[in-house]
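One structure is given here, and the rest of the page talks about it.
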Amino acid sequence: MRTPILAANWKMNLSRREAKNLVEDLLKAAYPVSGREVVLCPSFHLLTEVGAALQGRANYFLAAQNVYWKESGAYTGELSPAMLRDCGCTHVIIGHSERRAYFHETDKDCHSKVEAAMQNNLVPILCVGESLEQREADKTREVVLAQLQGALKGQSLSSGDRLVIAYEPIWAIGTGKTDTPEGAEQTISVLRQEVATMFGERIAQQVRLLYGGSVKADNIDSLMACTNIDGALVGGASLKADGFARIVNYQAQASLAN
Ligand code: PGA
């Protein structure tokens, strides 16, 4: 059984005060939780304080939104995996489409980041997803498989719970357009099969695969009903405590797909 993950990607938002209020309100509305994990991904300046607020809160985890693969040295503006651990992070987002688009991150960069994260005991949340153009050209499968292989080929993975993959179609991010549960399930099951080919069936059954792209309180239940969807990476809707609490407290429905 894979434990679902509800992850909040705050992106470049929130002051320290706003973050403090948001975490307080969220914990009031969605703590304790059982049978699911919550991962908060604040911007760098909030990591230590959010980490402190989550201290001792079972099933709540802290993630950074990016990492550099070097251990230390003259890399102005970057943070190493050890620095993220020092702030209390257990997870890190790697290869988000905004980093790929605006900061020119390549699959090779993602590979180095995944490797460095894993070596430092951070769980990578590796993001993959196709653009609208690629989708319309029927290239979704090809694009997401190339991203997956580019970041994961040759990595050593002893247990599937040390890796999370988020399928985030770019056309669905921040647009209010969500993939259908059936569409997301289909692409995510293709990704799981590829993980099985690369790392074996046991690991593929352990890896958590999330959907991201305009996840909201009113679509989380149907997404979570899909067999292969193990959670969500949530942007905009994670910035409001009540909305994200509803996502964390999603209602399990009868399975849509087997
Ligand atoms: P969104 O963002 O929920 O605002 O669409 C998701 C993401 O970029 O991770």
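The values are calculated or read from the model by the stated rules, or taken from the named source; none is laboratory data. Model, not experiment: these values are computed from the prediction. A quick note on method: Cβ atoms are made from the backbone with ideal geometry, for glycine too, and the neighbour counts reach across all protein chains shown. Accessible surface is based on the protein model in full, side chains and every heavy atom, while ligands, DNA and RNA are left aside. Shrake-Rupley method; radii C 1.70, N 1.55, O 1.52, S 1.80 Å.
At a glance:
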quantity	calculated
Segments classed as helices (runs of 4 or more DSSP H), wholly inside region 151-236, with at least 2 members that are surrounded by 19 or more Cβ atoms within 10 Å (Cβ to Cβ) and out of contact with any Phe, Trp or Tyr (no Cβ under 6 Å at 6 or more places or on another chain)	181-199
Test: residue in region 134-145 that is within 16 Å of the ligand (Cβ to nearest atom), in contact with a Ser or Thr (Cβ under 7 Å, 6 or more places away or on another chain), in contact (Cβ under 8 Å) with a residue 60 or more places away in the chain and in a helix (DSSP H, G or I)	no
Hey, Tyr75 among the aromatic types (Phe, Trp, Tyr) and under 19 Å from the mean Cα position of the chain (by Cα) or not	no
Verdict on Tyr211 being closer than 18 Å to Ala252 by Cβ, within 13 Å of the ligand (Cβ to nearest atom) and out of contact with any Pro (no Cβ under 6 Å at 6 or more places or on another chain)	yes
Some residue of region 97-120 being in contact with a strand residue (DSSP E or B) (Cβ under 7 Å, 6 or more places away or on another chain) and open to solvent by 30 Å² or more (accessible area, probe 1.4 Å)	yes
Selected residue (only one of Gly73, Gly77, Gly51, Gly35 is assigned to a helix (DSSP H, G or I) and either open to solvent by less than 60 Å² (accessible area, probe 1.4 Å) or modelled with pLDDT of 95 or more (or both))	Gly51
